[in-house]
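Asker: The structure that follows is given in the form of structure tokens.
The values are calculated or read from the model by the stated rules, or taken from the named source; none is laboratory data. Quick caveat, the model's predicted, so the values are computed rather than measured. So basically every Cβ, Gly included, is an ideal-geometry build from the backbone, and we count neighbours across all protein chains shown.
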Amino acid sequence: MGEIRVDNFSLEDFFSGDIDSYNYSSDPPFTLSDAAPCPSENLDINRYAVVVIYVLVTLLSLVGNSLVMLVILYNRSTCSVTDVYLLNLAIADLFFALTLPVWAASKVNGWIFGSFLCKVFSFLQEITFYSSVLLLACISMDRYLAIVHATSTLIQKRHLVKFVCIAMWFLSLVLSLPIFILRTTVKANPSTVVCYEDIGNNTSKWRVVLRILPQTYGFLLPLLIMLFCYGFTLRTLFKAHMGQKHRAMRVIFAVVLVFLLCWLPYNIVLFTDTLMRTKLIKETCERQNEINKALEATEILGFLHSCLNPIIYAFIGQKFRHGLLKIMANYGLVSKEFLAKEGRPSFVGSSSANTSTTL
């Protein structure tokens, strides 16, 4: 591939220095400006710490999401609308986490897997990211319809909710196409190759476009949907005399709180970086380096969300705990007496027999 030049500098100029200066998310750390690039900082300790965190998140996600899938599929004859969403959510989070070891390896050695796999892994990560967040919004709407309106709608019917999930996956695929088209391998320096967007001379314009998509459809819009749906759901639960309402509220609070804690910091830093790239705030080397560090740290926090979802949506809920214990009892891992002592979960009544309000 020929050398790509932007604003009188080549990409090698911008990536000169330690490979640690490169962020393997969809955004590079350097602002492509007319000024000389800022000197990179040595981040050897951070690099290996990030690799360890990526691997731990992958392992936790693998275990947690696999258990969620196991419980749902084992009890598929009685699975609810929410269970269908949770199954798809677990699949999305699992595949998202499975891409992390590849990026971890790239932190150490640069991108050694070729241009095609650069596109494939970037595309897969984007699809699963969007799918995960959009499915969270779907779950909030499902809870809203089941609890607030208590009416049987198309989205609450188990045999039709599959089409909603397919639509979310398809929308995620469409939103991820720019990454698939633009991602390729680029030389960071004479000895190191990175997986990066080739966006030619319109760097600032395309960078803003590439950020608007995930920040709008991958954070802001799903967050607004969740806040609206869960806000009215909580109000209904407060007014209703339901034996399980406190447990349901705890799960709902955990859903919104963890989503905010994981993704709000990253999106704030990313928005700040966008303002700096578009010259709306002053660009300095010190500010640039601070934003680069913050992007990497908050991105890790966002990745952590993929292994927290099973805890929030599954293991806090009675239904999944009972389902897991039932499987363990059938294989002799726990006693039948212990299973009987735990008892079957009780659910808040809803309009549909296939829909429970406790996750």
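Asker: Failed condition for Leu223, given (1) farther than 18 Å from Thr128 by Cα; (2) assigned to a helix (DSSP H, G or I), with all others met?
Answerer: All conditions pass for Leu223, except number (1).
Asker: Just one of the numbered conditions (1) buried (at least 17 other Cβ atoms within 10 Å of the Cβ); (2) at pLDDT 80 or above; (3) more than 23 Å from Val84 (Cα to Cα) is not true of Arg277; which one?
Answerer: Against the list (1) buried (at least 17 other Cβ atoms within 10 Å of the Cβ); (2) at pLDDT 80 or above; (3) more than 23 Å from Val84 (Cα to Cα), Arg277 comes up short only on (2).
Asker: While we're on this one: Ser80 is checked against (1) of a type in the set (Gly, Ala, Ser); (2) buried (at least 23 other Cβ atoms within 10 Å of the Cβ); (3) free of Cβ contacts under 8 Å to residues at least 40 places away in the same chain and fails just one. What number does that condition carry?
Answerer: (3)
Asker: Let me ask another. Could you go through segment 65-82 and let me know if any residue there is under 15 Å from the mean Cα position of the chain (by Cα) and not basic (Lys, Arg).
Answerer: Looking through segment 65-82, at least one residue is under 15 Å from the mean Cα position of the chain (by Cα) and not basic (Lys, Arg).
Asker: With respect to Leu359, determine if the residue is at pLDDT below 65, within 20 Å of Ile91 (Cβ to Cβ) and surrounded by 14 or more Cβ atoms within 10 Å (Cβ to Cβ).
Answerer: Yes: the conditions hold for Leu359.
Asker: Same structure again: Among the residues of segment 64-80, which ones are at pLDDT 90 or above and outside any helix (DSSP H, G or I)?
Answerer: Once the filter is applied, which keeps residues that are at pLDDT 90 or above and outside any helix (DSSP H, G or I), segment 64-80 yields nothing.
Asker: Can you name the residue in segment 224-274 that is farther than 25 Å from Phe320 by Cβ and of a type in the set (Ser, Thr, Tyr) and, of all such residues, is modelled with the highest pLDDT?
Answerer: Tyr266
Asker: Condition first: surrounded by fewer than 19 Cβ atoms within 10 Å (Cβ to Cβ), at pLDDT below 95 and touching a strand residue (DSSP E or B) at 6+ places or on another chain (Cβ under 6 Å). Can you find one or more residues in segment 118-134 that meet it?
Answerer: The answer is yes, given that some residue of segment 118-134 is surrounded by fewer than 19 Cβ atoms within 10 Å (Cβ to Cβ), at pLDDT below 95 and touching a strand residue (DSSP E or B) at 6+ places or on another chain (Cβ under 6 Å).
Asker: Give me the pairs, please: first residue somewhere in segment 278-302 and touching a residue at least 12 places away in the same chain (Cβ under 8 Å), second residue anywhere and hydrophobic (A, V, I, L, M, F, W, C) and in a loop (DSSP other than H, G, I, E, B), beta-carbon distance under 7 Å, and either six or more positions apart or on two chains.
Answerer: Cys285/Cys38; Gln288/Cys38; Asn289/Cys38
Asker: Considering segment 280-302 alone, what residues qualify as being among the β-branched types (Val, Ile, Thr) and at pLDDT 85 or above?
Answerer: Once the filter is applied, which keeps residues that are among the β-branched types (Val, Ile, Thr) and at pLDDT 85 or above, segment 280-302 yields Ile291, Thr298, Ile300.
Asker: Return only the number of the condition from (1) surrounded by 17 or more Cβ atoms within 10 Å (Cβ to Cβ); (2) at pLDDT 80 or above that Gln318 does not satisfy.
Answerer: Every listed condition holds for Gln318 apart from (2).
Asker: Among the residues of segment 100-117, how many are crowded, with 18+ Cβ neighbours inside 10 Å and closer than 11 Å to Cys195 by Cβ? So that I can check it myself, show each step before the final result.
Answerer: Looking only at segment 100-117, we keep the residues that are crowded, with 18+ Cβ neighbours inside 10 Å, and these are 100, 102-104, 106-107, 110-111.
Applying the additional criterion that residues be closer than 11 Å to Cys195 by Cβ yields 102-103, 106, 110-111.
Adding up the residues that qualify gives 5.
Asker: Take segment 83-99 and flag every residue that is farther than 17 Å from Ile166 by Cβ and surrounded by fewer than 21 Cβ atoms within 10 Å (Cβ to Cβ).
Answerer: The one that is farther than 17 Å from Ile166 by Cβ and surrounded by fewer than 21 Cβ atoms within 10 Å (Cβ to Cβ): Leu98.
Asker: Answer with yes or no whether Leu295 is within 20 Å of Gln125 (Cα to Cα) and in contact with an Asp or Glu (Cβ under 7 Å, 6 or more places away or on another chain).
Answerer: So Leu295 fits the description; yes.
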